[in-house]
Amino acid sequence: MEKNIEKENLNKIYFYMREGYDDYEFYNFKGAISNFEKAIKLIPEPKNSHEFSKRLFTCLAMSLLPSKEYDKAIENYKLALNCVEDRKDPQLQFMIGKYLYESNKKDDAFFYFYKSYELAEEKYFKNHDNKYLLFFLKCKNKNNLKEEHINKTINYKGKTYTQEEWEEFEKKQFKDYAQKHNIPLDDGKPKKSFGFFLDEKDCKY
């Protein structure tokens, strides 16, 4: 459940958030990273239970992208995803898939592209390089994932999952990730949060 934040710390969080937004918009990514990290540090545990947690993790991830710190960016996108009820956010899932793809982790990229497609079809593919959609469709066709079966089964790394099995697999994957990185998990359902505050800056791969 969400814990109250002391007024002094809450004011500091908002201050660092505003400073981070300004730094990001003026391409001062190091400053943005520093300010978003300071804001996150002030959030009490569990950090996924506050209404602005998703925004901060997302903005930190986006600030890491121009310097191609993809592993750290992916980690923070996953933390942002954990702030969403049932971890269902097609935009975040697409972004995780995109930078797993850029990190040459193609199997894992397909996993997140599929989850994004499952919730929003091609919506979040359309605003990005066409190579991501082509990759996803190629893998989908290779695995015989036909449209009429999209909500019934999925083949991932040679194993076929039912929808229920897939959801359990995804939950276990995140729990393992959280334990590995010592991330406390909230027993209650996290609040639904909002979308991105920032526009993704162009990055050269």
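The values are calculated or read from the model by the stated rules, or taken from the named source; none is laboratory data. Because the structure is a prediction, the values reported are computed rather than measured. We place every Cβ from the backbone using ideal geometry, glycine too, and count neighbours over all the protein chains shown. The protein model used for the area step is the full one, side chains on, heavy atoms only, and it has no ligands, DNA or RNA in it. Shrake-Rupley method; radii C 1.70, N 1.55, O 1.52, S 1.80 Å.
Please tell me if Lys88 is among the charged types (D, E, K, R), modelled with pLDDT under 95 and out of contact with any Pro (no Cβ under 8 Å at 6 or more places or on another chain).
Considered against the rule, which asks whether it is among the charged types (D, E, K, R), modelled with pLDDT under 95 and out of contact with any Pro (no Cβ under 8 Å at 6 or more places or on another chain), Lys88 comes out as yes.
One line per residue, one yes/no per condition, for (1) in a helix (DSSP H, G or I); (2) in contact with a Leu (Cβ under 7 Å, 6 or more places away or on another chain); (3) open to solvent by 100 Å² or more (accessible area, probe 1.4 Å):
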| site | (1), (2), (3) |
| --- | --- |
| Ile5 | no, no, no |
| Asn9 | yes, yes, no |
| Tyr14 | yes, no, no |
| Glu19 | yes, no, no |
| Tyr24 | yes, yes, no |
| Tyr27 | no, no, yes |
| Lys30 | yes, no, yes |
| Ile33 | yes, yes, no |
| Lys38 | yes, no, no |
Original post:
So which residues in segment 76-97 are farther than 18 Å from Glu121 by Cα, charged (D, E, K, R) and over 8 Å from the mean Cα position of the chain (by Cα), if there are any at all?
Top reply: Glu85, Asp86
Original post:
Do we find that Phe52 is under 16 Å from the mean Cα position of the chain (by Cα), among the aromatic types (Phe, Trp, Tyr) and modelled with pLDDT of 95 or more in this structure?
Top reply: no
Original post:
Of all residues in segment 84-102, which are over 18 Å from Glu168 (Cα atoms) and of a type in the set (D, E, K, R)?
Top reply: Lys98, Glu102
